[in-house]
Amino acid sequence: MSSPSSEVTRRTVDAVWRIEAAKIIATLTRMVGDVGLAEDLAQEALVEALSTWPESGVPRNPGAWLTTVAKRRAVDGWRRQERLDAKYAAIARDLDTRPDAELGWDPDDIDDDVLRLVFVSAHPVLAREGQIALTLRVVAGLTADEIAQAFLTSTSTIQQRIVRAKKTLKAANVPFEVPPREDYPRRLSAVLSVIYLVFNEGYSASSGDRWIRSELCTEALRLGRVLAELVPTEPEVHSLVALMEFQASRFRARIAADGTPILLSDQDRGKWDRAQIGRGTAALARADDCGRGRGPYGLQAALAQCHATAVTAQDTDWQRIVVLYEALGRLAPSPVVDLNRAVAVSMASGPGPALEIVDELVDGGALARSHLLPAVRGELLARLERYPEARAELRKAADMAGNQRESEVLRAKADGMSDTFGQNR
């Protein structure tokens, strides 16, 4: 049985890893030239932290401590292998003569390293599924379980994709660098996908006891802004930045003081960050100025803008939102888009037509692993006063939800419906 101090250390190490994983692995990848080896070295440093910190205390800069330990492990490995080349000698000499230097981050270098790591993980030598899974693992620090939920697939499948991707990058000797500008088009789609998925995991955490993981959203938004300056004529990059700005503007209103999620319709819109909404509007305008029409991220940004600019929930232009979802469904077909369209239809035309869309999704089975399908279906059934069915769907959604906060909200809604309407409805 672990001691209290060991348990506190474990939680601290876990928190540090969540926040610093991308920076640590990116820095190590630049040093050793191998994403898989970099992650192994970082994990070894974590193990050392678990054994050292309970006695010595958590260092002032835990991320830098972990990086330094991992770098020393790499140097030790090179010593054992007798690979005393110029690269080893330079790094070892730096560690031996300037030990304190490694305890301070160089934000510019680390930021560049993270962006390089995203591009490496999105290398065209990898299959698309492997690109995204690897980046979510090494950049966002997500577990295989969390990634599996995002992909609506099994954990073992995700683990296999990540292992295969690491081996492929090593075999192909992929350099740790932002690719030449002419290679951007081949990688941009995957890079945008992973940045968006990192943001989404922060915006609505798929597991754990926090509804929002703001550090992931902040990092995704930062990467998006940097990328927008690298490729200023790519409308979808600006559109993704706009989408993230609009969504992030609601953070202060999305959770109560106790961490309970607050639904969009119930949020205090006075807490929304108007400056961030303005930045989102400017980014979307910048995308439109490229003159190539709106792609999937542009349409999603326009959807988010509809919510962000509505003075009250009642002022939301649901008819326009339905049209935008229809366009998005034609451009980027997805059962998740169809589910969101059903929600919009329910607000614009009532729950009956929306339930027909949802029932088609149930029959298709594409969202069988997602708690969102029974959650939406339960809401629609409640509005149709089919309360026993609604309660059953909401409880099913609560059981399926990986995030503790979300599960609690769904269960409370089902239980509250029972109290309000009785069992004879």
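The values are calculated or read from the model by the stated rules, or taken from the named source; none is laboratory data. For clarity, every value in this text was computed on a predicted model and none was experimentally measured. No Cβ is skipped: glycine too gets one built from the backbone with ideal geometry, and neighbour counts run over all protein chains shown.
Screening Arg213, Arg222, Arg187 for residues that are within 22 Å of Ile19 (Cβ to Cβ), surrounded by fewer than 20 Cβ atoms within 10 Å (Cβ to Cβ) and in contact (Cβ under 8 Å) with a residue 60 or more places away in the chain leaves exactly one candidate, Arg222.
The residues of segment 148-160 that are aliphatic (A, V, I, L, M), over 12 Å from the mean Cα position of the chain (by Cα) and in a helix (DSSP H, G or I), listed by number, are Ala148, Ile158. Scanning segment 161-205 for residues that are over 30 Å from Arg250 (Cα atoms) and part of a loop (DSSP other than H, G, I, E, B) yields Asn173, Val174, Pro175, Phe176, Glu177, Val178, Pro179, Pro180. Filtering segment 127-142 to residues that are of a type in the set (A, V, I, L, M) and in a helix (DSSP H, G or I) leaves Ile132, Ala133, Leu134, Leu136, Val138. Taken over segment 225-246, the residue count meeting the criterion of being surrounded by 23 or more Cβ atoms within 10 Å (Cβ to Cβ) and closer than 23 Å to Val138 by Cβ is 5.
Out of Arg116, Arg128, Arg93, one residue alone is at pLDDT below 85 and more than 30 Å from Tyr203 (Cβ to Cβ). It is Arg93. Inclusion of Leu299 among residues that are touching a Pro at 6+ places or on another chain (Cβ under 7 Å), assigned to a helix (DSSP H, G or I) and either surrounded by fewer than 18 Cβ atoms within 10 Å (Cβ to Cβ) or not hydroxyl-bearing (Ser, Thr, Tyr) (or both) is not warranted.
Please work out if Asp145 is under 30 Å from Ala287 (Cα atoms), in a helix (DSSP H, G or I), more than 12 Å from the chain's Cα centre (by Cα) and not aliphatic (A, V, I, L, M). It is false that Asp145 is under 30 Å from Ala287 (Cα atoms), in a helix (DSSP H, G or I), more than 12 Å from the chain's Cα centre (by Cα) and not aliphatic (A, V, I, L, M). Looking only at segment 38-64, residues that are without any contact (Cβ under 8 Å) to a residue 12 or more places away in the chain and either under 23 Å from the mean Cα position of the chain (by Cα) or crowded, with 19+ Cβ neighbours inside 10 Å (or both) come to 2 in all. Annotation note: Cβ proximity below 6 Å between a residue of segment 305-324 that is within 20 Å of Arg279 (Cα to Cα) and a residue that is of a type in the set (A, V, I, L, M, F, W, C) and assigned to a helix (DSSP H, G or I) (sequence gap 6+ or interchain) occurs for Gln305/Phe246; Cys306/Ile321; Ala308/Phe246; Ala308/Ile277.
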